[in-house]
1. How far, in nm to one decimal, is residue A:51 from itself in the other copies if the label point is set 7 angstrom along Cα toward Cβ? Shortest first, please.
2. In a GNM of chain B with a 10 Å cut-off on Cα contacts, which of B:59, B:344, B:154 has the highest mean-square fluctuation?
3. Tell me the net charge near residue B:261. Cut-off is 12 Å between Cβ atoms, residue B:261 excluded, with +1 for each Lys or Arg and -1 for each Asp or Glu.
4. How about residue B:312: which aspartates and glutamates have a C-alpha closer than 17 Å to its C-alpha, ignoring those fewer than 8 places off in the same chain?
5. Name the lysines eligible as straight-distance cross-link partners of residue A:213: C-alpha to C-alpha under 23 Å, and not fewer than 8 places from it in the same chain.
6. When chain B is modelled as a GNM with alpha-carbon springs shorter than 10 Å, which of B:204, B:146, B:19 fluctuates the most?
7. Based on DSSP H runs of at least 4 residues, each adding -39500 (n - 2.57), what is the mean residue ellipticity at 222 nm of the protein assembly as shown after dividing by all its residues, to the nearest 500 deg cm²/dmol?
8. Using θ = phi - 60° and the Karplus curve 6.51 cos²θ - 1.76 cosθ + 1.60, what whole-Hz ³J(HN,Hα) does each residue of segment B:74-80 get, with Gly and Pro shown as x?
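Readers should treat all values here as calculations from the given coordinates under stated rules, not as data from a laboratory. Given the structure is predicted, the values throughout are model-derived calculations rather than measurements. Counting neighbours? That spans all protein chains shown, and the Cβs are built from the backbone with ideal geometry, glycine included.
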2 protein chains.
Amino acid sequence: MHTPQAISNFSGGPGALAPIVLQKASQALLALPETGISVLGMSHRSDWFRQLLDQAENNIRTLLDVPSHYHVLFLQGGGSLQFNMIAMNFARGQGTRADYLQTGYWSAKAVDAVRAQTQVHLAWNGANSGYARLPKSEEMSWSARPSYVHYVDNETVEGLEFNRVAGLVDAPLMCDMSSNLMSRPVDVSAYDLIYAHAQKNLGPAGVTVVIVKDDLVQTANAGLPAVLDYRTHIKARSIYNTPPVFAIYVLKEVTQWLLDDVGGLEKMAAINQQKSQLLYRTLDELSDFYKPHAQREDRSRMNCTFDLVNQKLLKQWLTQAQDQQLWGLEGHRSLGGIRASLYNAVSLQDVQKLSQFLKNFAQENA
Amino acid sequence: MHTPQAISNFSGGPGALAPIVLQKASQALLALPETGISVLGMSHRSDWFRQLLDQAENNIRTLLDVPSHYHVLFLQGGGSLQFNMIAMNFARGQGTRADYLQTGYWSAKAVDAVRAQTQVHLAWNGANSGYARLPKSEEMSWSARPSYVHYVDNETVEGLEFNRVAGLVDAPLMCDMSSNLMSRPVDVSAYDLIYAHAQKNLGPAGVTVVIVKDDLVQTANAGLPAVLDYRTHIKARSIYNTPPVFAIYVLKEVTQWLLDDVGGLEKMAAINQQKSQLLYRTLDELSDFYKPHAQREDRSRMNCTFDLVNQKLLKQWLTQAQDQQLWGLEGHRSLGGIRASLYNAVSLQDVQKLSQFLKNFAQENA
């Protein structure tokens, strides 16, 4: 049998998950300890699943200290469907516009996705600067009364991450935290709607967490297809239609691991800080050899993007990394270069191995 | 460790899966033999996943003999999202209507789901007859030129199943085969669009298979959100956004099991025939004691619904069944009574156990 621990998985997503979670899930596929049958054969209308869903929700509420006037939902369709559900539910028709920060690949996708549904105003657009930095507060130019504001808290492709709440206008604030939710504490009350697909820090691809303020939901547009209306899922407590049972099961185990093994998000944040600092420090020390993409103050703790000064060595670098069990390091196809994703389940040891490899490779090819 | 084989799972869905599939999936969660890392940590942009997706598609094409001018897609959102995607893509606006057969709980849900999107004409409505039978061809009254026709091939709640292609008008034919696709051969060319969520005969909840004719797709409405437009997913070959990697992995293993272990859909159909015949025969022989819901010629091979003549014994029946490791037999909350779902992975032995229990219980309580 292969030992998964031998490989360090720096994939941009779906990302690595903690070994203890994988072991529990592996057992649950054969037979759940509580029921004796496979988790894949459990009805979503069973008491077992209702308890699982409640536990998953409670874990999220505990970890993020979610106020009671926010709903926690488990949906399908990923971030891409959220792009459109937000516009369907909260864009306000003729004469109104929604404000977006366009800070990278994913926020640009969000903007493209909704253009048929609402007029969009870009309060900032980083395209011309190659998405190498985030806007300062004074650079953002908001509409007078946008129907809502949308931004992406962490751009996985370019490796940019906000270290503050970015929307400052008097409008509902929607935030895509797909790639950094659960990596640090969040002041949920600063947002009206937060969403995150699971496949970075939460679990397997196929389930999306939405945390939405009750006040906001009460204002959703009428006449929507039920399955695309947040109110439907709130009323049905996430089982309007069959939910992705297995993905939610794993998400519950991941949040349990964060609570019981890691000890909460303050501790997770400290570990993540240590990991990314080590990696960026290594790159900065070898600046003759490696070239980080993001401007220093906007560097993502989750996705570290860089290139080789001598790009001709890139292929060799990637091949040697893979040979040394350092996986998933190829940059996103839109940016090229190298991307090391340091999601929660990537350990400090994994990053130490990568850091050592960065040094060795630089030395050998100096 | 619990042995899943000891329990017979007659759940209405998510349903049982073959033990060999569960074993492979359990191992894959720890480490895929091909890559050494967990299936949950595999990137959907990897060669491994592209091959997996191709293999899953090829298996479906082989099993169902899908003509080459049909696309095979793997989507999220279940049957409920398909209800609306069909209307969004193919309903034709003012003055037009779409024809639906309302034959039970699920087709009624489909009708409700799209009322805001299109005018609906019910070519038949079985509500008044308690959804105890399907319409005969001469009972269906079609519109002159509906934008499309929609029906549900197998009603899981009531246990009704078509044994023929039902739409006979010159209009695109959309069919929900969520609960019986892969249980028997299908003449795909008779339909324009077939969809099925996975959690009955295909795999875990969280992935939905759509088989759609290229001619039809070319006529889809303009201006749709990309993620809700079939053309987006065809162009992106099902990885427009991150797909549910694990659910597709299991689906591939299920279709592989159908091909290699079962030997194809003719053989699967023969086994399913044997299973349902045994169960219905047992019920018919004990007609003083048990009361099948569906009219004989419309009985579903997948979901056998019945009640006790003496309904006071129902609770006792369900408790004793559970004690004897016969699981998931409670009827859907909308109909009550008993439902035995006989999806592909339910074995003839499982049905023999159930049949014996039916006899014993009747004798003991005569």
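1. Nearest to farthest, the other copies are at 4.1 nm.
2. Maximum among the listed residues: B:59.
3. Summing Lys/Arg as +1 and Asp/Glu as -1 gives 0.
4. B:288, B:330, B:364
5. In chain and number order, the partners are A:235, A:252.
6. Result: B:19 has the largest fluctuation of those listed.
7. Roughly -10500 deg cm²/dmol at 222 nm, from the helical runs in the protein assembly as shown.
8. The phi angles translate into 10, 10, 10, x, x, x, 4 Hz.
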